[in-house]
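**Student:** One structure, pasted below without further comment.
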Amino acid sequence: MDLLTVTLAATSVMDRINGLASNGVNLVWAAVGLGMVIFFHELGHFAVAKWCNVNVERFSIGFGPVLLSWKWGETEYALSLIPFGGYVKMLGQDDADPSQLTNEEIAQDPRSYLAKNVFQRMAIISAGVTMNIITAVFFVGGAFAIGLETSPAIIGEVRPGMPAWKAGLKPGDVIEKINGRRILTFEDVRLNVALSAPPLVIEGRHADGNSFKIEVRPAKTSSHPQIGVLHSSSLKVLTDPAGKEPVVVPGTVAAKAEPAFERGDVITAINGDSVKNNWEMRQQLAKQPAGPITIDVKTQSGSAAKRIVKENDFRTLGLSMDAGPVTAIQEGSPAEAAGLEEGDKLAMINGKNVGTEINPLKLPNVFASLHGTEVEVTVTRQPKDGAQTKKVLKIVPSDLPGWIDQPVIEGEPISIPSIGVSFHTIPVVLAVEPGSPAAEAGIAVKQGSVTKVKRIELFLPPEATPDTYKDPFVIDLEDPNKEAKSNNWGYAFWKIQEFPGRHVRLTLVEGSKESKVELVPKLDADWPLPVVLGLRMHPLEIELKAKNVSEAWLMSTNYTRNSAMNIYLTLRSLFTGQVSAKELHGPIGIATAAVQIVEHGLAPLLLFLGFLSINLAVLNFLPIPVLDGGHMVFLTWEAVTRRRPSEKVMIGATYAGMAFLLSLMAFVLYLDLFVHPFKK
């Protein structure tokens, strides 16, 4: 009996897809697909057993109580209660009764499994795995013959302060190899980062065509190693024929465009300057002066049109906070060349104080405006074993606009692209801009006292249009148990931009006094945004499609080989702790994934079934009693020693293996029911 449910449950490194789809047709197709994977595995055992003249007593899809059965010849064919598994029960081979494997009386029957020589039994046991590999190649080959839409290995965003950012990777870079392994898709990037042993040697081409080869050490910031890169978006506005997803987020700048953006619009120029990709678009937006922006588009019908975006400026409160320490410096950056170090605090820029005269949030734009010129930067430095010192450095910023990287993740630093630095802001008020919402609300810096922001709440006023996010959106900036909370001012500031229809409620602390004030953010006409907030874009995709049968075969065998290698790397990473066991999914997670993948068409479903078939082949051949690999261990022992293991050993090992697999099943079911559904 093959506990294929356990094999399915052990499938790992899958995207977290939560919740079963309500579409009954998709559920049926998913069930048929998963049933086929199980059927072909068992068919392999069945066919070779029959070829070796073994009496097959039952062929079951599913296991547990039999729901439906019929007899054809000497074999009973059954559908059993628990659908995520199956088994072929042969005379003399029953995992539920391991004593049969040492029963000499059964061995005397010439049609029993035990009566066959060891190499015939090896063929029978390995046939299920062999069939999975064969069917995987056909499933995947079919997917490539139809054509698959997938994200190319082009970097869309590099998270500030993360390993890729430090190493100098940039949006628009194309990754071609990681540790010598060829990279075709962004999924290849994600898997190789998660599973390859550090350090990673990444090779590819920059957006300007120049090649690069850099070394990156991933950071384990969640359940698996990451380097901090995201896939790229296209220049095409979301289409979604079903109409479930809005083109723009209600209340945002994009929603106020005149005329309105339409599904399928392709952006071609920003204020007359043509753009070829999303990264160029972002750079052009960041370089635009204050005022309305004219965005040229090509509509779905093929005609040219214009969309006018107004008030595409930062929304501010008028508060200038204290600058925190530098958290990371890019390799080869102007800051590194000037001698800036992690932990330094930017104190003065060309003689102006950071915090009182220059708002730290504007530092990315200040340095960008000074590109190509020598800037005098005064930093305070706190050595580990000495007194605080001041250093005056000379930095020549490069021509990169500010705020092209936004702190969209809680606790993420703010980057200054033009000098290659990331830093935090501390929620201590150093200055209040005259005439600003904060000044009008009575917030002021008083001599001899310190005003801190403890909490910020973004809430919808009564007349506002709902924006689909929770209300209020609360960000804590003071938490003694989580130091990172004090680094959240940059994150909070960006959330103010993302929720343009919301007002702000601040909880202030001055000494022992706590107070709350409500503010309405104000547009800063001299500070244009580097993005059109609320405009939803298609991910950048390429089609992987074989030109002929030969190419489909090559693409399929290459995918199968790489997937099998990734599974072994996953197992290694699980045992070493490089990848968390929380990445595992059980039968519910796999069924959910299958149902949702059906929505994307036949090709993605075939690829997924091929992926599962490869998983079953590899994991079912692990040397665990009850699984095929465990049986092969016993058969190898018999081939070498020319005697079967004792009944005591067989029974003990089988029950131990079954206990392990049932424990694994319970664990992954727990993850499916109580962990994965609540992941965002």
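The values are calculated or read from the model by the stated rules, or taken from the named source; none is laboratory data. Note that the coordinates shown come from a computational prediction; the quantities given were computed from them, not determined experimentally. Glycine gets a Cβ as well: all are built from the backbone with ideal geometry, and neighbour counts include every protein chain shown.
**Student:** State yes or no: is Thr654 surrounded by 15 or more Cβ atoms within 10 Å (Cβ to Cβ), of a type outside the set (A, V, I, L, M) and assigned by TED's automatic domain parsing to the domain that holds Ala107?
**Tutor:** It is true that Thr654 is surrounded by 15 or more Cβ atoms within 10 Å (Cβ to Cβ), of a type outside the set (A, V, I, L, M) and assigned by TED's automatic domain parsing to the domain that holds Ala107.
**Student:** Follow-up question, since we're still on this one. Checking Thr389 against (1) in contact (Cβ under 8 Å) with a residue 40 or more places away in the chain; (2) surrounded by fewer than 24 Cβ atoms within 10 Å (Cβ to Cβ); (3) within 19 Å of Asp344 (Cα to Cα); (4) touching a strand residue (DSSP E or B) at 6+ places or on another chain (Cβ under 8 Å), which single condition isn't satisfied?
**Tutor:** Among (1) in contact (Cβ under 8 Å) with a residue 40 or more places away in the chain; (2) surrounded by fewer than 24 Cβ atoms within 10 Å (Cβ to Cβ); (3) within 19 Å of Asp344 (Cα to Cα); (4) touching a strand residue (DSSP E or B) at 6+ places or on another chain (Cβ under 8 Å), Thr389 violates only (1).
**Student:** Which residue out of Val626, Val618 is aliphatic (A, V, I, L, M) and under 25 Å from Ala107 (Cβ atoms)?
**Tutor:** Values: Val618 fails: under 25 Å from Ala107 (Cβ atoms).
Val626 is the lone residue from the list that is aliphatic (A, V, I, L, M) and under 25 Å from Ala107 (Cβ atoms).
**Student:** Right, here's the next one. Can you find even one residue in region 371-382 that is in the same structural domain as Glu341 (by TED's automatic domain parsing), more than 28 Å from Arg282 (Cα to Cα) and part of a loop (DSSP other than H, G, I, E, B)?
**Tutor:** Step one: of region 371-382, the residues in the same structural domain as Glu341 (by TED's automatic domain parsing) are 371-382.
Checking which are more than 28 Å from Arg282 (Cα to Cα) leaves us with 376, 378-382.
After this cut, where a residue has to be part of a loop (DSSP other than H, G, I, E, B) as well, the list is 382.
Yes, region 371-382 has at least one match.
So that you can scan it fast, the table gives a plain yes or no per residue for (1) in a loop (DSSP other than H, G, I, E, B); (2) in contact with a strand residue (DSSP E or B) (Cβ under 8 Å, 6 or more places away or on another chain); (3) not charged (D, E, K, R):
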{"residue": "Pro461", "(1), (2), (3)": "yes, yes, yes"}
{"residue": "Thr468", "(1), (2), (3)": "yes, no, yes"}
{"residue": "Ile475", "(1), (2), (3)": "no, yes, yes"}
{"residue": "Gly490", "(1), (2), (3)": "no, yes, yes"}
{"residue": "Trp494", "(1), (2), (3)": "no, no, yes"}
{"residue": "Gln497", "(1), (2), (3)": "no, yes, yes"}
{"residue": "Leu508", "(1), (2), (3)": "no, yes, yes"}
{"residue": "Glu518", "(1), (2), (3)": "no, yes, no"}
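**Student:** Please find, within region 119-156, the residue that is nearest to Ala552 (Cα to Cα) out of those that are among the aliphatic types (A, V, I, L, M), touching a His at 6+ places or on another chain (Cβ under 9 Å) and not in a helix (DSSP H, G or I).
**Tutor:** Looking only at region 119-156, we keep the residues that are among the aliphatic types (A, V, I, L, M), and these are 122-125, 127, 129, 131, 133-134, 136-137, 140, 143, 145-146, 148, 153-155.
So of that shortlist, the ones also touching a His at 6+ places or on another chain (Cβ under 9 Å) come out as 122, 124-125, 127, 129, 131, 153-155.
Filter once more, so that each one left must be not in a helix (DSSP H, G or I): 153-155.
Working: Ala153: 21, Ile154: 24, Ile155: 27 Å.
The qualifying residue nearest to Ala552 (Cα to Cα) is Ala153.
**Student:** Would a scan of region 404-411 turn up a residue that is assigned by TED's automatic domain parsing to the domain that holds Gly332, of a type outside the set (Val, Ile, Thr) and outside any loop (DSSP other than H, G, I, E, B)? Give the steps one after another, and end with the answer.
**Tutor:** Restricting attention to region 404-411, the residues satisfying the condition of being assigned by TED's automatic domain parsing to the domain that holds Gly332 are 404-411.
Narrowing the set further to residues that are of a type outside the set (Val, Ile, Thr) leaves 405-407, 410-411.
Of the ones still in play, those that are also outside any loop (DSSP other than H, G, I, E, B) are none.
So far as region 404-411 goes, no, none of its residues is assigned by TED's automatic domain parsing to the domain that holds Gly332, of a type outside the set (Val, Ile, Thr) and outside any loop (DSSP other than H, G, I, E, B).
**Student:** May I pose another question? How many residues does region 59-79 contain that are outside any loop (DSSP other than H, G, I, E, B) and over 28 Å from Val137 (Cα atoms)? Working first, answer last.
**Tutor:** Residues of region 59-79 outside any loop (DSSP other than H, G, I, E, B): 59-72, 75-79.
Going one step further and asking which of them are over 28 Å from Val137 (Cα atoms), we end up with 64-72, 75-76.
Within region 59-79, residues that are outside any loop (DSSP other than H, G, I, E, B) and over 28 Å from Val137 (Cα atoms) number 11.
**Student:** Is there a residue in region 422-445 that is over 15 Å from Gly324 (Cα atoms), surrounded by fewer than 22 Cβ atoms within 10 Å (Cβ to Cβ) and among the polar types (S, T, N, Q)?
**Tutor:** yes
**Student:** Would you be able to say whether some residue in region 504-521 is surrounded by 17 or more Cβ atoms within 10 Å (Cβ to Cβ) and among the basic types (Lys, Arg)?
**Tutor:** No, the conditions are met nowhere in region 504-521.
**Student:** For region 213-228, indicate whether the set of residues that are within 23 Å of Ile409 (Cβ to Cβ), at pLDDT 90 or above and among the charged types (D, E, K, R) is non-empty.
**Tutor:** Yes; the residues of region 213-228 include at least one that is within 23 Å of Ile409 (Cβ to Cβ), at pLDDT 90 or above and among the charged types (D, E, K, R).
**Student:** Turning to a different aspect of this structure: Output the number of the condition that Arg455 fails; it satisfies all remaining conditions of (1) in contact (Cβ under 8 Å) with a residue 24 or more places away in the chain; (2) of a type in the set (Lys, Arg); (3) assigned to a loop (DSSP other than H, G, I, E, B).
**Tutor:** (3)
**Student:** Tell me, which residue of region 167-193 that is farther than 15 Å from Gly228 by Cβ and of a type in the set (Lys, Arg) is surrounded by the most Cβ atoms within 10 Å (Cβ to Cβ)? Even if it seems obvious, please write down each step before you answer.
**Tutor:** Let us first name the residues in region 167-193 that are farther than 15 Å from Gly228 by Cβ, namely 172, 174, 176-177, 179-185, 187-188, 191.
Among the residues that remain, those that are also of a type in the set (Lys, Arg) are: 177, 181-182.
On the way: Lys177: 16, Arg181: 13, Arg182: 12.
Ranking the candidates gives Lys177 first.
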